[in-house]
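Have a look at the structure below before the remarks.
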Amino acid sequence: MTALLGRLVLYTRKLDEMIAFYSRFFGYEARHAPGDRIVELRPPEGGLALLLHPAAKGQRAGQSLVKLVFDVKDVATFRAEAERKGLVFGPIHQADGYVFSNAKDPSGNPVQISSRALRRTAG
């Protein structure tokens with residue numbers, strides 16, 4: 001038996017800002033059922049859904065052991081387009097056959113754009 005990872009919960013005190021961030025820069029659509037505290041963000045072309053959950057008083061923003069990595073074919077082009085929209089990524093780093101760049105969402109969670117999933121591997 002296998003299980004497919006389909007959702008990731010992000011705790012936040014900045015619900016509206018998080019919805020705007022992931023919608024504007026990554027194309028996610030917000031779905032919010034009446035009476036539900038959680039807002040579901042669905043990617044436009046399939047993939048992992050993000051669930052925005054109100055943070056409890058004791059939870060500290062930006063202290064996570066998770067980084068959201070978005071697969072993009074052309075990191076430099078995506079980074080430039082995001083900057084035109086107002087999201088500034090850090091420098092582009094060269095890795096083993098791919099490149100990546102890092103930023104933070106409004107709640108301080110680390111996000112990355114990376115070409116790792118699209119790299120060519122020997123074999």
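Taking the Cα centre of segment 75-121 as origin, work out the dipole magnitude from +1 charges on Lys and Arg Cβ and -1 charges on Asp and Glu Cβ, in debye rounded to 20.
Values: 7 positive and 4 negative charges, 23 e Å.
It comes to approximately 100 debye.
Using only Cα atoms and rounding to the nearest 10 degrees, what angle (0 to 90) does helix 15-26 make with the longest principal axis of the chain?
So the helix axis and the longest Cα principal axis differ by about 20 degrees.
To make sure I understand the rule: partners must be lysines, Cα under 18 Å from the Cα of Lys85, and not fewer than 8 residues away in the same chain. Which ones qualify?
Lys104
Which value, in debye to the nearest 20, describes the size of the charge dipole of the chain about its Cα centre when Lys and Arg Cβ atoms bear +1, Asp and Glu Cβ atoms bear -1, and nothing else is charged? Before the final figure, lay out the partial values.
Details: 18 positive and 12 negative charges, 53 e Å.
Dipole about the Cα centre, nearest 20: 260 debye.
Rounded if a/c is under 1.5, else prolate if a/b beats b/c, else oblate: with a ≥ b ≥ c from the C-alpha gyration tensor eigenvalues square-rooted, which is segment 1-56?
Details: a/c = 1.83, a/b = 1.26, b/c = 1.45.
It is oblate, given that a/c is not under 1.5 and a/b is not larger than b/c.
Between Asp16 and Arg116, what FRET efficiency comes out of the Förster formula 1/(1 + (r/R0)^6) with R0 = 35 Å and r the beta carbon distance, rounded to 0.05? Let's see the in-between values first.
Numbers: r = 31 Å, r/R0 = 0.89.
Once rounded, the FRET efficiency stands at 0.65.
By how many degrees, 0 to 90 and rounded to 10, does the Cα axis of helix 75-85 deviate from the longest principal axis of the chain?
Approximately 40 degrees, to the nearest 10.
Would you mind computing, in nm to one decimal, how far apart the modelled labels at Val9 and Glu45 are, each placed 7 Å from Cα along Cα→Cβ?
Roughly 3.0 nm, to one decimal.
Give the Rg (one decimal place) followed by the Dmax (whole number) of the chain, computed from C-alpha coordinates and expressed in Å.
Rg then Dmax for the chain, in Å: 15.4, 51.
Project the alpha carbons of segment 23-95 onto their principal axes and report the range along each, largest first, in whole Å.
Principal-axis extents of the Cα atoms in segment 23-95, largest first: 42, 29, 22 Å.
Throughout, read-outs are computed from the coordinates displayed, never taken from laboratory work. Nothing here was measured: the structure is a model prediction, and the numbers come from that model. All Cβ positions, even for glycine, are placed from backbone atoms using ideal geometry, and neighbour counts span all protein chains on display.
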